[in-house]
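Here the structure comes first, spelled out in structure tokens, and everything after it is commentary.
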Amino acid sequence: MLSQKTIEIVKSTVPVLEKHGKDITTRFYQLLFYEQPRIIEYF
């Protein structure tokens with residue numbers, strides 16, 4: 001069960017994710033595959 005504080009934090013990030021979600025996830029995977037190239041076989 002999530003605490004009320006955690007729920008508030010998650011809800012507060014929605015506007016940023018709506019606006020920049022694709023950029024964030026694109027960069028995340030670029031870094032992930034750069035740092036851990038072997039993991040790409042799982043995708």
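Laboratory data are not the source of any read-out in this text; all were calculated from the coordinates shown. All figures in this text were calculated on a predicted structure; none of them were measured in a lab. Cβ atoms come from the backbone with ideal geometry, glycine included; neighbour counts cover every protein chain shown.
Quick notes on this structure:
- Residue check for Y42: loosely packed, with under 10 Cβ neighbours inside 10 Å and of a type in the set (S, T, Y): yes
- Scanning the range 1-25 for residues that are loosely packed, with under 10 Cβ neighbours inside 10 Å and of a type in the set (S, T, Y) yields a total of 2.
- Every pair of residues 6+ apart whose Cβ atoms lie under 8 Å, when the first sits in the range 4-26 and is at negative phi while the second is not in a helix (DSSP H, G or I): V10/L2
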